Amino acid sequence: MPPEVTTEQHSFVSDSLGLPAFPVDTEPSSDVGNHVMGVVVIAWLTRHALARWGAAWAQSGSLNVRFRSHLTTGLPLTITVVGDHDAIDLNITDLHDTVYATATATRPDNSRQPFLWPPPASNPSHLKALPRHDQLADRIFTPLTFEFDAARDLAFVERLPDGATWRDRGWAHPAWLASATNALVRRNVDFGTPGYWTNAGAAIQHHAPIADGATITLTGGIDELFDRGRHRFAGAGITAWVDDQPAASLRNTFIYQTHDSQSD
């Protein structure tokens with residue numbers, strides 16, 4: 001028999017949750033006004049994976065999100081969840097059926113093991129790449145190391161329905177870890193001031209929980225460049241290492257240029 005497919009809908013009003021733009025002490029936070037960052041969307045969605053698979057999902061499940069439209073706080077939204085035992089598809093829409101984000105989550109141990117970027121042997125310093133095809137192609141990032149302080153970095157989960165799962169265990173939330181990939185990209189690519197950079201997607205595959213007090217090192221680089229319409233996209237593959245063990249594989253997809261903004 002084919003697996004039973006279920007559908008559910010959850011309505012809410014968009015809220016930025018107070019999640020900082022970047023992990024503390026890695027990048028200065030900026031005033032984003034009423035704009036809702038992509039990492040906040042990840043925070044909205046984890047409750048549905050946990051509701052289906054429990055805390056095991058936070059140890060070996062995955063979530064892949066695409067950001068489709070600009071989001072602001074205060075919008076009435078609906079999350080539609082369609083799935084079975086192995087995976088769920090999630091769609092965030094408004095009352096006019098505008099799609100703001102789509103995502104897929106998989107159950108624990110149901111995702112193919114991704115490529116792991118090796119842990120750094122050293123932490124070299126090099127010039128940032130300009131947001132151009134010739135400089136981004138096969139670019140290897142300078143690693144980023146930072147600490148996870150549960151009391152500080154999980155403050156935003158108080159406003160999440162699944163907040164207790166992360167707070168009580170002292171585990172790093174995927175949205176917070178995804179925000180670190182934004183910091184890694186900005187540390188390695190010079191978008192100028194103000195620059196043109198839009199986060200188009202984020203993905204995480206858990207390998208192990210990240211506990212309070214952990215020192216995390218992100219390694220990775222650009223492994224994909226492609227065009228879609230007027231936009232030029234880059235895909236960054238990233239590995240989060242804790243004590244020389246992979247805790248998560250992540251992906252940060254971003255728009256680095258439009259065809260009419262500049263030429264290579």
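With label points built 7 Å along Cα→Cβ from the Cα atoms of ASP168 and ALA151, find their separation and express it in nm.
2.1
Rolling a 1.4 Å sphere over the protein heavy atoms, what is the accessible area per residue of the chain, to the nearest Å²? Walk me through the intermediate numbers first.
Working: 12540 Å² over 264 residues.
Dividing the accessible area of the chain by its residue count gives 47 Å².
Just name one of GLY213, ALA236, TRP176: the one whose Cα is farthest towards the positive end of the charge dipole of the chain (beta-carbon charges, Lys/Arg +1, Asp/Glu -1).
Comparing the listed Cα positions along the dipole, ALA236 ranks first.
Which of the trypsin sites (Lys or Arg not before Pro) found in the stretch 155-264 are loop residues per DSSP with 16 or fewer other Cβ atoms within 10 Å of their Cβ?
Details: sites: ARG159, ARG167, ARG169, ARG186, ARG187, ARG228, ARG230, ARG232, ARG251; in loops: ARG230.
The qualifying sites are ARG230.
Tell me, what is the FRET efficiency for LEU130 and VAL24 to the nearest 0.05, using R0 = 25 angstrom and their Cβ-Cβ distance as r?
Working: r = 28 Å, r/R0 = 1.12.
Approximately 0.35, to the nearest 0.05.
Find how much the distance from ASN34 to ASP89 grows on full extension, using 0.36 nm per residue of separation minus their present alpha carbon separation; answer in nm with one decimal.
Working: separation 55, 0.36 × 55 = 19.80 nm, distance 2.69 nm.
Between ASN34 and ASP89, full extension yields 17.1 nm more.
How far apart, in nanometres, would the label points at ALA137 and GLU8 be if each is projected 7 angstrom from Cα along the Cα-to-Cβ direction?
4.8
In whole percent, and with a 1.4 Å probe on the protein chains, what portion of the accessible area of the chain is carbon and sulfur? Mind showing how you got there, number by number?
On the way: 6190 of 12540 Å².
Heavy-atom surface of the chain belonging to carbon and sulfur, 1.4 Å probe: 49 percent.
Return the FRET efficiency for the residue pair LEU225, THR98: r is the Cβ-Cβ distance, R0 is 25 Å, and the value is rounded to the nearest 0.05. Let's see the in-between values first.
Working: r = 28 Å, r/R0 = 1.14.
After rounding, the FRET efficiency stands at 0.30.
Residue by residue through the stretch 91-102, what is 3J(HN,Hα) from phi via Karplus (6.51 cos²θ - 1.76 cosθ + 1.60, θ = phi - 60°)? Round to whole Hz and write x for glycine and proline.
So the J values, rounded to whole Hz, are 10, 9, 9, 9, 5, 9, 6, 5, 8, 9, 7, 10.
Go ahead and run the numbers for FRET between THR80 and ASP109, Cβ-Cβ distance against an R0 of 30 Å, rounding to 0.05. Don't skip to the end; give the middle numbers.
Numbers: r = 26 Å, r/R0 = 0.86.
After rounding, the FRET efficiency stands at 0.70.
Taking amide H positions as placed in the peptide plane 1.01 Å from N, state which residues far from ILE210 in sequence (5 or more) or on other chains have amide H under 5 Å from it.
Sorted by chain and number, the residues that satisfy this are ALA172.
The values are calculated or read from the model by the stated rules, or taken from the named source; none is laboratory data. The structure displayed is predicted, hence computed values, not measured ones. Every residue, glycine among them, receives a Cβ derived from its backbone with ideal geometry; neighbour counts consider all protein chains shown. Surface accessibility is based on the protein's heavy atoms, side chains included, excluding ligands, DNA and RNA. Shrake-Rupley method; radii C 1.70, N 1.55, O 1.52, S 1.80 Å.
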